[in-house]
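Contents: one structure, followed by commentary.
No value in this document is a laboratory result; all are computed from the given coordinates. In this text, all values refer to a predicted model and were calculated from it rather than measured experimentally. Here the Cβ positions follow ideal geometry from the backbone for every residue, glycine too, while neighbour counts run over all protein chains shown.
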Number of protein chains: 2
Amino acid sequence: MTETLMTIRQMCDTFNVTPRTLRFYEAKELLFPIREGQKRLFTRRDRGRLKLILRGKRFGFSLEEIRQLLDLYHADDQQTTQLAKTCEIGELRLRAMQAQRAELDDAIADLKKQLEWGSAKLASLRAQNVAA
Amino acid sequence: MTETLMTIRQMCDTFNVTPRTLRFYEAKELLFPIREGQKRLFTRRDRGRLKLILRGKRFGFSLEEIRQLLDLYHADDQQTTQLAKTCEIGELRLRAMQAQRAELDDAIADLKKQLEWGSAKLASLRAQNVAA
DNA sequence: AGCACACATGACGTTAACGTAAACGAAACG
DNA sequence: CGTTTCGTTTACGTTAACGTCATGTGTGCT
């Protein structure tokens, strides 16, 4: 069975982050480990959130933005109004991401073209070198 | 005719950036405006580079990474070895971008799913409210 | 008891990408 | 000629996301 509670070290090993990072996320209210005396114990919920945090970061979302998204992902107990608001945020974020994907596609195409040009140029330069 | 040289203010208005930004980019050797006395005058080449800089930034590329890409984009006068190196950087960057695109697609799919779930939940909540 | 070890809490340091303020030169305008 | 208007340099301030001590505490071995 996957232990239901994990120490800070187990978390670090599992997700490859430092203790400092986990404490920082707690301070920023992204995680809510329970306390056993002085020590932190991370729940299954915390692990779920951390997974999403790390993915969010890979796209350059700020921690603050991620916090808003997390609210959306855990909206089970929210009131209607609150849920509506978080959905709205999610829609905005979705559009932003789609726009970003479009731009990314553009940039990829551009870069590809440049690389082809570069290869061609390289080929011609090498040909010259051989000739000389 | 598009003026071949632009003042810092014209640049700012055209690209929606601050003078500080342009001076900063010059200090970082991303732009090379010529000097008329004390003042900067930006060339067509600077405008091209700035456009690419701004696009790069939208993907979270650091200015340093962007500088390397710019070298690739303006490699006409490079030596073979240098060109080969910049091409290599470009290839790496391309793979990174493609990977990022894949992750972005994943995240978009996830978010879409969550939003559908949210809408459904909202609908059922509203139905309850009407019933009550 | 003595000691290592895991964890905790400050609090200051770091990097990137500018913002912002001070202090000055040149030019254009009334 | 005085003063806005642009522009310049120098330099310190700022935010995000942690890193890196310094210092303190509770726990389990031996």
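To two decimal places, what compactness ratio does region A:1-74 give when its Cα radius of gyration is scaled by 2.2 N^0.38 Å?
So region A:1-74 has a normalised radius of gyration of 1.05.
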### Query
How would you rank A:ILE108, A:ILE8, going from fewest to most other Cβ atoms within 10 Å of each one's own Cβ?
A:ILE108, A:ILE8
## Note on the structure
For the axis mapping B onto A, the chain B residue whose beta carbon sits nearest, plus its rounded distance in angstrom, comes out as B:GLY60, 2
#### Entry: Most mobile of B:LEU111, B:LEU31, B:LEU41 in a GNM of chain B (Cα contacts under 10 Å)
B:LEU111
### Summary
The Rg/Rh figure for chain B, Cα atoms and Kirkwood Rh, to two decimals is 1.24
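Would you be so kind as to identify all helices of chain B, as entire DSSP H runs, whose Cα atoms reach 18 Å or more along the helix's own axis and whose mean Kyte-Doolittle hydropathy is at least -1.0? Kindly include the intermediate steps, with their values, before the conclusion.
Working: long enough: B:44-57 (20 Å, -1.34); B:80-131 (75 Å, -0.36).
Sorted by number, the helices that extend far enough and score high enough are B:80-131.
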### Message
Out of the GluC sites (Glu not before Pro) in region A:10-62, which ones are loop residues according to DSSP with at most 12 other C-beta atoms within 10 Å?
### Response
A:GLU29
### Query
Which distances, shortest first and in nm, link B:ALA123 to the matching position in the other copies, using label points set 7 Å out along Cα to C-beta?
5.5
#### Entry: Whole-number D in µm²/s for the protein assembly as shown (Stokes-Einstein; Kirkwood sum over Cα pairs; 37 °C, 0.692 mPa s)
145 µm²/s
